[in-house]
Each structure stands twice: as C-alpha cells, then as structure tokens.
Amino acid sequence: MEVHHHPQLIHKPKPWKEYILEYVMIFLAVTTGFFAESLREHISDKEKEKNYIVSLIADLKADIKNADATISESKTLALLLDSMFTVLNDPSQIKKQGDLIYYAGRLGPRIGIYVNNQRTFDQLNTGGFRLIQDIETSNRIIDYYALFPHLRLLENGGLKEFEHYQSIASNILDPVAFHKQETATGTIVRGNDNPALLTYDPKLLKQLELYIVYMNGSRRSIIPDLENIKKSSNELIQFLQNKYHLESGE
C-alpha cells in the first residue's frame with residue numbers, strides 16, 4: 001500500500017525590513033491611540049473646567065444680589081435702632097413713644113446674616129481645582145472666598161451683643177406688647193396704642209442703650225465688608241468672563 005506524505009511547508013524568513021515595518025506600524029497604532037485618548041480627556045477636562053467657571057459666575061452673581069439685600073436691610077435697621085436710642089435717652093419722650101420703642105425693639109436688633117453661595121467653590125475644593133490650569137485663576141478664586149472669615153467674625157460678635165440685649169430687654173419690654181405686633185402671616189406691624197414699658201428704671205434703660213450702640217456699631221462695621229465682597233465679586237466675574245471668553249449673559 002502506497003503511503004503519501006504531505007509535503008512540509010517551508011517558511012522562508014522575512015526580510016528584516018518587514019520586521020521593522022511591522023514594528024513601526026504597531027508603534028504608530030499604539031501611539032495614535034494614546035494621543036487620541038489624551039486628546040479626548042483633554043477636551044473633556046476643558047469642558048468640565050468651563051462648566052465649573054459658568055457655575056461659579058452664577059454663584060458670584062447671587063452673592064452680589066444677597067449683599068445688596070443685606071446692606072439695605074442693615075442700613076434700615078440701624079436707623080430704626082438709632083431712633084429707639086434717641087427716644088430712650090430723652091425722658092420727655094420715652095413715655096410718649098411706646099409704639100416706636102416696641103417696634104424698633106422688635107425689628108431693629110435682628111441680625112441679618114449674609115448668605116453666600118459657595119456650592120461651586122466646595123466642588124472645586126474636592127478635586128475640581130485640578131482642572132483649572134491657570135494659577136492666576138485659582139489664586140483669584142481662593143482670594144475671593146478668603147474674604148468671608150472676617151465677615152463671619154463680625155457677625156458672631158453681633159450675635160453675642162444681641163444675646164446681651166435680649167437679656168436686658170426682657171426686664172424692660174412687655175412680651176404682651178410684642179405679641180400684639182404680630183399679624184396672622186407672621187409679619188411685625190407698628191401699633192398705635194402707646195404701650196408702657198415694664199420699668200423706666202434709668203439704670204436698666206442705660207444698659208439697653210449701651211447694647212443698642214454696640215449692635216449698631218457691629219452692624220455698620222459689617223457694611224464695608226459687604227461692599228468689598230460686592231466689588232471683589234464683580235471684578236472676579238469680569239476676569240473669568242474675559243479669561244474663558246464668556247458672554248456676560250453666561
């Protein structure tokens with residue numbers, strides 16, 4: 001029986017140039033893929049960076065609006081307490097101006113705590129700052145939010161003074177008169193029945209006047225901080241809009 005043997009395939013070695021070409025092709029494919037992925041990540045990071053900046057600008061605009069409201073309220077309440085101080089310091093008027101005393105004594109001492117929006121800043125602090133490549137941009141953002149600790153210090157001082165005021169006022173102002181000022185919706189309205197004080201003791205009245213002066217001093221010292229925050233916020237908005245080529249409406 002005849003046996004047929006399959007002929008063995010003979011592999012000829014490739015020319016060395018083909019090996020080099022294959023290596024070059026593989027290298028180019030890997031390198032191109034790497035750069036394509038890097039470019040994709042870069043574009044994604046730039047888009048995220050811009051989104052952070054747009055969000056930050058919205059926060060800054062809200063800060064300006066809140067600062068305006070707090071400044072306006074602070075000035076109004078300071079004038080109200082000034083009127084209360086004037087009446088308490090005038091023996092000929094104190095028993096005639098009960099409505100003013102109770103109205104000012106209820107609203108005037110209220111502390112307007114400034115609320116700033118640092119939602120985006122908190123996100124930047126938890127990893128977002130790595131996306132901001134420009135060091136000046138990072139520094140300007142950080143410098144802006146560094147303005148707030150001093151403001152909080154002044155506000156805390158005002159709150160402590162308010163606590164002392166409340167302690168003294170509880171011996172002078174009748175809670176029944178305060179209750180009559182309240183409407184069904186919770187707003188405070190000035191009465192017209194000239195309610196009497198619990199006491200007209202000159203010593204207690206002077207203590208109350210003292211804390212009126214303290215509270216108004218603290219309140220008025222906060223206003224320049226708020227004005228500076230407004231100014232810095234506007235400057236930062238302008239810088240970011242120019243830096244990132246954003247329209248004023250963005």
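Laboratory data are not the source of any read-out in this text; all were calculated from the coordinates shown. As the structure is a prediction and not an experimental result, all values here were calculated from the model. Positions of Cβ are backbone-derived with ideal geometry, glycine not excepted, and every protein chain shown enters the neighbour counts.
Contour minus end-to-end for I64 and K50, with contour as 0.36 nm per residue of separation and end-to-end as the Cα-Cα distance?
So the extension gain works out to 2.9 nm.
Roughly speaking, what is the centre-to-centre gap between region 173-188 and region 101-158 when only Cα atoms are used, to the nearest Å?
For region 173-188 versus region 101-158, the Cα centre distance is 33 Å.
With the crude spin-label approximation of a point 7 Å out along Cα→Cβ, what separation in nm comes out for H245 versus Q93?
For the pair H245/Q93, the computed spacing is 6.3 nm.
Return the distance in nm (one decimal) between the two label points of a simple spin-label model at R220 and L204, each offset 7 Å from Cα along Cα→Cβ.
Distance between label points: 2.8 nm.
Over 24 Å between C-alpha atoms is what I'm after, so list which of K75/K231; K61/K160; K75/K180; K95/K180; K180/K206 land there.
K61/K160; K75/K180; K180/K206
By counting other Cβ atoms within 10 Å of each Cβ, how are D68, D59 ranked from fewest to most?
D68, D59
Taking a point 7 angstrom from the Cα of H164 along the C-beta vector, which residues in region 171-211 have backbone N less than 12 Å away?
Flagged as within label range: 207-211.
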